[in-house]
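Here the structure is laid out as structure tokens; the discussion comes afterwards.
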Amino acid sequence: MAEPVQPFSPEDMARRRKRSIVLAIVLAALMVIFFVSTLVRLGGSVGERAL
Amino acid sequence: MTTGTAHTARSLTASGGQGTAGDYIALLKPRVMSLVVFTAVVGLFAAPGHIHPWLGFVTILCIALGGGASGALNMWYDADIDAVMKRTAKRPIPSGAVEPGEALGYGLALSAASVLMLGLLVSVPAALLLAFTIFFYVVVYTMGLKRRTAQNIVIGGAAGAFPPMIAWCAVTGTIDAGAIALFLLIFMWTPPHFWALALFREGDYEKAGVPMLPNVAGRAETKKQILIYSLLLLPTAALPLATGTAGYLYAAGAVILTAKFLRDAVTVYRAATREAEDKACKTLFGFSILWLFALFALILVEKLTGLPAFGGLL
């Protein structure tokens, strides 16, 4: 019976996990930046435009 | 089977992906980025006109990201010389924490993201200027000038001088005399600042084969050039007054600070022994950082407190 392959050490996996969390935070921040910027750019008159 | 497992682990490790989040932050040169952010904030406040505070924040964020991306691309290209210089040997690529290809991808992705974000959310002219800044720093300075000419930082210094101009452009949509005055403050400051560093770190640059002025033209010529550029800072420091960007508070501060800068440059020029030179260069290098920070801070204080600027001649 072959041993299961362990490509990364527990330390490597911990580093990868931390990086993934940071990346998730960055992506969430980008989402907020685009959302708020869109509101700011559109301004209050967006609801009054002709449809 | 144990051997096979070890081999798999080694080859996967060699393919990269082992850097920590801190290594990726280090790739952005956070200390350089802090100066970029500060001067850009001053550019944002000094520019005539108004920008929504949120869009101002996005502008600064994009400039910081673009500056960081340039740093990552610079570290990717210069990994070989970073490895032999004491000051840079512990950077993420020479230390083995981040693979060169990872740094390249990271730098390119951040460059594209910062330019696109600035263009889509704030201002297309400012985004074009940011793209040009990244190109200038990475291609013109890092790839073109740094290893070829001792004038590398004179021309390459322009890259570090663009941030306040980009922020100004984000507010006004254009580049006028006031933005050029802020650009010139950093541009003319860069040579004496870096040559002072190069004089007391001469061995490092020589070992790496980077043609800095001291190891190409000699120490005496470098000291003369430091003095010439320091003299040129006098009219340069007056430009924000001439363009109507700054007022009396800035004028008073600029006179005192530039006089001290000049005195330090004269001390470097007159230093007769190597020990005295190194000491004088360290003093000038340290003070040069304070000089730039203080001049921009004075403009910021004037804008925040509503102190009037001079009428402006340009």
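I'd like to know how segment B:270-314 sits against the 2.2 N^0.38 Å rule of thumb: what's its Cα Rg over that expected value?
Normalised Cα radius of gyration, segment B:270-314: 1.83.
Which value, in Å² and to the nearest 10, is the accessible area of A:L39 when all protein chains are kept and the probe is 1.4 Å?
So the heavy atoms of A:L39 present about 100 Å² to solvent.
How many nm separate the modelled label positions at B:V84 and A:L27, each set 7 Å beyond the Cα in the direction of the Cβ?
4.2
Using amide H atoms built in the peptide plane, which far-off residues or other-chain residues are under 5 Å from B:G247 H to H?
B:F310
Once the Cα gyration tensor of segment B:23-175 is diagonalised, what are the square roots of 5 times its eigenvalues, in whole Å and ordered largest first, as equivalent ellipsoid semi-axes?
The three semi-axes for segment B:23-175 are 28, 16, 13 Å.
What is the distance, in nm, between label points placed 7 Å from the Cα along the Cα-to-Cβ direction at B:F293 and at A:S9?
Taking the simple label geometry, B:F293 and A:S9 are separated by 3.9 nm.
Within segment B:230-261, whose backbone N sits under 20 Å from a point 7 Å along Cα→Cβ of B:T283?
So the set is B:230-234, B:255-261.
Ordered by residue, what ³J(HN,Hα) values in Hz, to whole numbers, does segment A:20-35 give under the Karplus form 6.51 cos²θ - 1.76 cosθ + 1.60, where θ = phi - 60° and Gly and Pro are x?
5, 5, 4, 4, 5, 5, 4, 5, 5, 4, 4, 4, 5, 4, 5, 5
What are the semi-axes of the equivalent ellipsoid for the protein assembly as shown, taken as the square roots of 5 times the Cα gyration tensor eigenvalues, largest first, in whole Å?
Calculated on Cα positions only, the semi-axes equal 38, 33, 15 Å.
Please compute the modelled spin-label separation between B:I175 and B:E206, points set 7 Å along Cα→Cβ, answer in nm with one decimal.
3.8
Largest first and in whole Å, what are the equivalent-ellipsoid semi-axes of segment B:177-314 based on the Cα gyration tensor, each being the root of 5 times an eigenvalue?
One finds semi-axes of 32, 14, 12 Å for segment B:177-314.
What value, in deg cm²/dmol to 500, does the helix sum -39500 (n - 2.57) over DSSP H runs of n ≥ 4 give at 222 nm once divided by the residues of chain B?
-25500 deg cm²/dmol
How would B:L116, B:L199, B:L307 rank on accessible area, largest to smallest, probe 1.4 Å?
Putting B:L116, B:L199, B:L307 in descending order of accessible area: B:L116, B:L307, B:L199.
With a 1.4 Å probe and all protein chains kept in place, how do B:E202, B:E99, A:E11, B:E302 rank by accessible area, largest first?
A:E11, B:E99, B:E202, B:E302
Determine the alpha carbon to alpha carbon distance for each of B:K29/B:K282; A:K18/B:K282; B:K223/B:K303 and list only those over 28 Å.
Check vs 28 Å cut-off fails for A:K18/B:K282; B:K223/B:K303.
In whole Å, what are the Cα extents of segment B:198-248 along the three principal axes, biggest one first?
For segment B:198-248, the Cα extents along the three principal axes come out at 46, 19, 14 Å.
What does the extension gain come out to for B:A217 and B:S95, with contour length at 0.36 nm per residue minus their alpha carbon separation?
40.7 nm
What is the spread of the Cα atoms of segment B:97-225 along each of their three principal axes, largest first, in whole Å?
Computed over segment B:97-225, the largest-to-smallest principal extents equal 48, 41, 20 Å.
Work out, in µm²/s and without decimals, the Stokes-Einstein translational diffusion coefficient of chain B at 10 °C, 1.306 mPa s, Rh from Kirkwood over C-alpha pairs.
Result for D is 77 µm²/s.
Within 10 Å of each Cβ in peptide B:57-65, how many partner chain Cβ atoms are there on average? Round it to a whole number, please.
Neighbouring Cβ atoms belonging to other protein chains average 1 per residue here.
If a helix is a whole DSSP H run, which ones in chain B reach 20 Å or further along their own axis (Cα) and hold a mean Kyte-Doolittle hydropathy of at least 0.5?
For chain B, where a helix must reach 20 Å along its axis and average at least 0.5, the hits are B:30-46, B:53-77, B:100-121, B:152-172, B:177-200, B:219-242, B:248-270, B:274-305.
Give me, ordered by chain and number, the residues 5 or more places off A:F8 or on other chains with an amide H under 5 Å from its own placed amide H.
Residues meeting the amide H criterion: none.
Using the Cα centre of segment B:177-314 as the reference point, and only Cβ charges (+1 on K/R, -1 on D/E), how large is the resulting charge dipole? Debye, rounded to the nearest 20.
160
From largest accessible area down, sort B:K86, B:K282, B:K29; use a 1.4 Å probe on the protein chains.
From most accessible down to least: B:K86, B:K282, B:K29.
Can you work out ³J(HN,Hα) from phi for every residue in segment B:201-218, in order, using Karplus 6.51 cos²θ - 1.76 cosθ + 1.60 and θ = phi - 60°, giving whole Hz and x for Gly and Pro?
10, 4, x, 4, 5, 5, 4, 7, x, 8, x, 8, 3, x, 8, 10, 9, x
The values are calculated or read from the model by the stated rules, or taken from the named source; none is laboratory data. Given the structure is predicted, the values throughout are model-derived calculations rather than measurements. All Cβ positions, even for glycine, are placed from backbone atoms using ideal geometry, and neighbour counts span all protein chains on display. Calculation scope for accessible area: heavy atoms of the full protein, side chains included, ligands and nucleic acids excluded. Shrake-Rupley method; radii C 1.70, N 1.55, O 1.52, S 1.80 Å.
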